[in-house]
Every structure is written in C-alpha cells, then in structure tokens.
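Participant: Dropping the structure in here first, questions after.
The values are calculated or read from the model by the stated rules, or taken from the named source; none is laboratory data. The shown structure was predicted, so the numbers you read here are calculated from the model rather than taken from an experiment. Cβ placement follows ideal geometry from the backbone for every residue including glycine, while neighbour counts extend to all protein chains displayed. The protein model used for the area step is the full one, side chains on, heavy atoms only, and it has no ligands, DNA or RNA in it. Shrake-Rupley method; radii C 1.70, N 1.55, O 1.52, S 1.80 Å.
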Amino acid sequence: MSDELIWRRRTRQRDLMVWFCYLLAIALFLFCLERISFATEWFFVQDAPRVAADLGSRMVPPKWNYLRELWIPLWDTLNIATLGTLLAVALATPIAFLAARNTTPSIRFVRPVALLIIVSSRSINSLIWGLLLVTIIGPGVLAGIIAISFRSIGFVAKLLYEAIEEIDETQVEAIAATGASATQVMTYGIWPQILPTFAGVSVFRWDINIRESTILGLVGAGGIGLQLQASINIVAWQQVSVILIAILLTVVVSEWVSARVRHSII
Amino acid sequence: MLKLENLSKQYDKGDEALKEISLEVPAGQIVALIGPSGAGKSTLIRCINRLVEPTTGTVVLDELNITSLKGRALRLARRQMAMIFQEYALIERLTVMENVLSGQLGYVGFLHSFFRRFPTEIVNEAYEILGRVDLQEHLYKRADELSGGQRQRVGIARAMLQRPRLLLVDEPTASLDPRTSRQIMRLLSEICQERDLTALVNIHDVALAQVFVDRIIGLKNGEIVFDGKSDELDDDTLTHIYGKEDWATLRQTGADDSAGSIRGGSISESSDEHMRGLS
C-alpha cells in the first residue's frame with residue numbers, strides 16, 4: 001500500500017510555511033487587540049449604547065422646515081462636485097498622455113514629472129486640500145472646487161494613462177501608416193479606444209466628488225458641510241438629522257445617475 | 001518602382017531581424033513574401049513605410065529615398081504606401097465610413113479631420129469604393145459589428161481611399177476562414193490590376209499565394225532564400241524555407257480546399273452572404 005500515489009495540494013515544506021504564516025497573523029492580531037484595549041476607556045464604551053440612544057432621541061423628530069435653508073448649500077455642494085470634476089478632467093487628460101509610456105514625449109524626463117503630479121494629487125485628501133486652499137484663497141465655494149479638482153486629477157489621470165498604455169497599438173500603426181500627423185494619430189488612433197474609460201472614470205469620479213464635497217464645509221470650503229458643522233456646534237441635533245437625510249438622498253441620486261451613465265457607455 | 005538596398009534591422013534586444021536585404025519590385029507587380037514566423041516578413045514591410053526604423057540600408061520608392069525622410073516629408077511619402085493588416089487594425093469604435101475616410105488623414109488638416117469635414121469629392125469617392133467592396137449597406141455600422149471578411153474589406157477600402165501607388169499587406173488572410181481568405185486575396189489582386197498598384201503581401205498560405213501572385217520571395221532568418229515566379233517554387237525550396245514537411249500532401253489539401261470553396265458558393269455560410277460580387 002505504501003507505494004500508492006497520494007496527492008496533496010502542497011509539498012510538506014510549503015504546508016509548514018503556510019501554517020507558520022497563519023500563526024504569525026494570529027499573533028499579530030492578538031498583539032494589536034491588546035494594545036487597543038489598553039488605550040481604550042472601557043467605561044465609556046460600556047456607556048455607548050445609552051449615549052447613542054440618547055443622541056438618537058434628540059435627533060427625532062427631524063426639524064423638517066430647516067430644509068428651506070438647505071437648498072442653497074445643497075446646490076453649492078453639487079456645483080463644487082461638478083465644476084471640480086470638470087476642471088480635474090480637463091487637467092488630467094493632458095497629464096495622462098504625458099504619463100503613458102506609449103504617448104509621453106520623454107520617458108526619462110516628462111513621464112516622471114507627470115507621475116509625480118499624479119501621486120501627489122492622490123496622496124492628499126480633499127479635506128486637507130480644502131484646509132490649505134481656505135487659508136490661501138479664503139473660505140467659500142471656489143476653495144471647494146479647487147480642492148475637489150486637485151484631489152481628482154491624480155485619480156482620473158492614473159486610470160486614464162493606464163487605459164492609454166493598454167490600447168491596441170496596431171490601430172495606431174494603421175493611422176500612422178496613412179500619413180496622418182501626430183495629432184491625427186491621437187484623435188483617430190488613440191482617443192476612440194480610451195473614450196469609454198474616459199467617460200466612465202469621469203462620471204465615477206463625479207459620483208465620488210459629491211460625497212466628498214458634502215464634508216468640505218467642515219473646513220470652510222463651502223457646501224452643506226458648513227451647515228452640518230454649525231448645527232453640531234449649537235447642538236441642534238434635529239437639524240443635523242435633516243442634513244444627514246438630505247446628504248443621503250443626494251448621494252443615492254448621484255450614484256443612480258452615475259450607474260446609469262456608465263452602464264449605457266460600456 | 002520599389003528598391004531596397006542592403007536593408008538591415010537589428011532590434012534593441014540584439015536579434016537581427018533583417019540581414020542586408022536587397023530587392024527590386026517593378027511597377028504593377030504583386031509579390032508574396034513567404035517564410036516561417038519570425039523570418040522578418042512583418043519587419044521588412046514595416047521598414048518600407050518606416051513604422052519600424054531600419055538600422056542600415058535604404059528604401060527607394062520612385063527615386064525618393066524614404067529612409068532619409070523626416071517629419072512632414074515622411075508623412076507625405078507614407079500617403080503613397082497604404083497598409084493592410086492581419087487583424088484588420090480598424091478603429092473599432094468608429095463607423096465603417098469613418099474608418100474608410102481615415103485613409104485620407106494624410107491629405108486633410110487636423111481640424112477638418114477632427115470635425116469629420118472631408119471634401120465632398122472624397123466622400124463621393126469613399127461611397128464608390130464602399131460599393132466596390134460591397135459594403136455600402138454597412139456604412140453607418142461600427143467596425144466591431146462586422147464579420148472578419150467584412151472588416152478586412154473595410155481595411156482594403158481605407159487603403160484605397162489613401163490613393164496609394166504601393167500596397168503593403170501584412171498577413172491579410174491569417175485571421176480568416178479559407179473561403180473568405182480566397183475572396184480577400186482575389187479582391188486584392190483585382191484591385192491591384194484595376195488601379196495599377198504594386199503590392200507586397202506577407203502571407204503564410206503558400207498555396208493561396210501561388211494562385212494570386214506573380215512573384216514569390218522566400219525569407220528565412222532575415223535573408224532572402226528564394227526569389228522567383230510562383231510556379232518555380234518547388235518542394236525542395238519549401239523544405240529549405242520552412243523545414244522538412246510532406247509538401248505534396250499539403251498541396252493536395254490546398255487543392256481540395258479550393259474545390260470546396262467553389263462548391264461552398266452555393267452552400268454559403270453565415271455572415272459573408274453579401275459577398276455576391278466577389279465570389
């Protein structure tokens with residue numbers, strides 16, 4: 001019987017290795033749990049359900065007539081998201097062409113600069129961009145628009161340049177072989193190929209930006225977040241609940257629009 | 001008409017794709033380039049219109065030294081050399097008409113091409129050519145809605161609208177079924193005759209090449225190992241180009257296939273029924 005062939009998924013050595021990795025993961029988890037537990041005031045946590053219930057009871061009934069004061073901030077929020085996205089898309093498109101390996105004028109000099117712009121834009125949250133811009137150009141909707149667009153440039157440019165790098169090069173060859181100029185090669189050979197990505201990414205980013213612009217008011221960069229912060233400051237919880245419901249509905253609608261648009265493109 | 005002198009191409013990785021190729025093609029001749037994968041056929045064709053930059057050597061088209069051209073002059077020279085591709089290389093998301101009109105990109109300015117405002121006589125010519133390749137009903141379809149044979153005919157129409165003097169054809173039939181392959185090769189050779197074009201055709205299918213071309217050039221490891229009339233190509237030469245194989249049997253299959261394709265005309269499979277004018 002001993003020479004019967006028995007198949008196992010892994011060799012004995014790999015098996016040991018896998019179990020050792022599991023062991024490490026569990027040890028790490030327990031260690032972190034211990035640290036968090038040490039840093040937590042368990043007294044407050046025990047109290048949490050009661051406090052949450054208390055806060056909830058203060059939020060109802062929502063003060064519906066406060067909605068009247070929300071329409072304009074809500075409109076601002078939509079504008080911040082939409083204009084910010086448009087600005088970002090306009091700036092991100094050339095950056096994407098400079099960053100893509102197959103369209104950049106210089107892999108050694110231009111591409112790293114474009115990639116740096118993309119990384120720095122992506123690594124700074126729009127709330128932080130807002131904080132910086134409010135100090136530079138003052139509070140208001142404009143700061144919000146620029147904050148949103150700065151954060152979005154990296155996102156849009158990154159996804160776009162990846163799409164450019166994955167195009168079918170023979171279509172580009174075919175257009176170049178007709179004697180077309182570089183700009184014609186771009187508009188005929190490349191652009192139609194990345195158009196679905198371009199449209200999909202733009203709408204997706206717009207949808208994300210609506211969510212992000214609702215909190216920009218917290219740092220004074222305009223939109224419904226201003227009302228949210230003001231209401232929390234004066235502990236007007238019945239207004240806070242109205243604002244949260246308004247934000248929720250806006251986001252649901254924007255997600256629906258974004259899903260419909262992307263579905264119809266692809 | 002076309003003259004290559006000591007044309008060589010060495011890729012960055014070091015492999016030598018072409019070794020000192022010299023050949024001359026008189027006007028109006030259809031030449032097939034045969035040879036195993038990696039023999040340098042595609043590189044050779046792309047060195048002629050400089051989609052691939054040759055390392056040394058010259059390409060001369062009607063006294064014009066193409067290898068020395070730059071920028072705008074190169075683009076003007078490219079207008080005379082239309083290319084047809086294996087995977088059709090159509091712009092998939094544009095319509096059939098837009099694809100055909102893109103053959104004119106070397107003639108019209110950026111803004112005109114961007115807004116699709118091509119001169120009326122060009123649009124009329126495009127209609128005419130689409131009629132010639134029997135695609136007029138599909139004018140507004142997107143290229144990715146067409147069958148393989150139809151797509152290749154769009155590719156041919158695009159090349160024709162370029163008003164070339166030379167056709168560079170890279171494996172026109174490699175993605176097509178045997179019957180459509182024949183129809184495409186027949187269409188290509190008819191068009192070359194009608195318009196008095198010279199053509200260089202890369203092709204895998206030796207039997208098919210022998211039916212439709214005047215001259216065959218065999219490439220192996222970047223060198224020309226055969227150059228002669230189609231009927232001069234014998235089994236020994238094929239063995240020299242491709243390696244040992246029972247060529248007689250293969251030819252037999254090829255002959256059966258051609259007989260089959262004639263009968264196939266009445267059986268008529270699937271999407272290529274519109275090919276009335278061609279089959």
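Participant: Which three lengths, in whole Å and largest first, does the stretch A:65-265 cover when its Cα atoms are put on their principal axes?
Facilitator: Principal extents (largest minus smallest coordinate, Cα): 68, 37, 20 Å.
Participant: Per residue of A:183-191, count partner chain C-beta atoms within 10 Å of its C-beta, then hand back the mean as an integer.
Facilitator: 4
Participant: Which percent of Cα pairs goes in each bin when the distances of the stretch A:1-122 are cut into 10 angstrom slices starting at zero?
Facilitator: 9, 13, 11, 16, 28, 15, 6, 2, 0
Participant: Additional query: I need the peptides B:51-63, B:148-160, A:39-51, B:8-20 ranked by packing, meaning the mean over residues of other C-beta atoms within 10 angstrom, with the highest value on top.
Facilitator: B:148-160, B:51-63, B:8-20, A:39-51
Participant: If you don't mind, another one. Only Cα pairs under 8 Å and at least 6 apart count here; give the relative contact order of the stretch A:65-265 as a rounded whole percent.
Facilitator: 28 percent
Participant: Taking 20 °C and 1.002 mPa s as the conditions, I'd like the Stokes-Einstein D for the stretch A:174-266 in µm²/s, using the Kirkwood hydrodynamic radius from alpha carbon pairs.
Facilitator: 133 µm²/s
Participant: Skip the ligands, DNA and RNA, and give the accessible area per residue of the stretch B:113-258 with a 1.4 Å probe, whole Å².
Facilitator: 44 Å²
Participant: OK, next. How much of residue A:110 can a 1.4 Å solvent probe reach, expressed as accessible area in Å² and rounded to 10?
Facilitator: Its accessible surface works out to 40 Å², give or take rounding.
Participant: Within 10 Å of each Cβ in B:81-94, how many Cβ atoms from other chains are there, averaged over the peptide?
Facilitator: Details: counts 3, 4, 6, 2, 5, 1, 4, 3, 10, 3, 11, 4, 7, 4.
Shielding by partners across B:81-94 averages 5.
Participant: Here's another thing I want to ask about it. What is the ratio of the Cα radius of gyration of the stretch A:141-207 to 2.2 N^0.38 Å, where N is its residue count, to two decimals?
Facilitator: 1.39
Participant: At a Förster distance of 41 Å, what's the computed FRET efficiency of residue B:117 paired with residue A:107, Cβ-Cβ distance as r, to 0.05? Don't jump to the answer; show the numbers that get you there.
Facilitator: Numbers: r = 36 Å, r/R0 = 0.87.
E(calc), rounded to 0.05, equals 0.70.
Participant: Compute the accessible area per residue over chain A, keeping the other protein chains in place, probe 1.4 Å, unit Å².
Facilitator: Roughly 60 Å² per residue, with all protein chains present.
Participant: For the stretch B:89-163, max minus min Cα coordinate along each principal axis, in Å, sorted largest first?
Facilitator: Reported extents, whole Å, longest axis first: 32, 23, 17.
Participant: Leaving ligands, DNA and RNA out of it, report the carbon-plus-sulfur percent of the accessible area of the protein assembly as shown at a 1.4 Å probe. The partial results should precede the final answer.
Facilitator: On the way: 17240 of 28530 Å².
On the protein assembly as shown, the fraction of accessible area on carbon and sulfur atoms equals 60 percent.
Participant: Counting only other chains, and only Cβ atoms inside 10 Å, what mean value do you get across the residues of B:164-171?
Facilitator: Per-residue shielding by partner chains comes out at 1.
Participant: Kindly provide the chymotrypsin sites (Phe, Trp or Tyr not before Pro) of the stretch B:80-179 that DSSP labels as loop, not H, G, I, E or B, and whose Cβ sees at most 11 other Cβ atoms within 10 Å. Show your work: numbers first, answer last.
Facilitator: Details: sites: B:85, B:88, B:107, B:110, B:114, B:115, B:127, B:140; in loops: B:85, B:88, B:107, B:115, B:140.
Those that pass, being in a loop and sparsely packed, are B:115, B:140.
Participant: Hey, what D do you get for the protein assembly as shown in µm²/s if you plug the Kirkwood alpha-carbon radius into Stokes-Einstein at 25 °C and 0.890 mPa s?
Facilitator: It comes out at roughly 85 µm²/s.
Participant: Hey, another quick one. Kindly flag which residue pairs out of A:158/B:70; B:9/B:70; B:19/B:244; B:13/B:229 have an alpha-carbon separation exceeding 29 Å in this structure. Spell out each step's value before the answer.
Facilitator: Details: A:158/B:70 33 Å; B:9/B:70 18 Å; B:19/B:244 23 Å; B:13/B:229 35 Å.
Beyond 29 Å: A:158/B:70; B:13/B:229.
Participant: Just need the relative contact order of chain B here, percent rounded to a whole number, with Cα pairs under 8 Å and 6+ apart.
Facilitator: On the way: 473 pairs, mean separation 68.8, N = 279.
Relative contact order comes out at 25 percent.
Participant: Find the sum over both chains of the accessible area lost when B and A are paired, probe 1.4 Å, and report it in Å² to the nearest 100.
Facilitator: Buried surface at the B/A interface: approximately 2000 Å².
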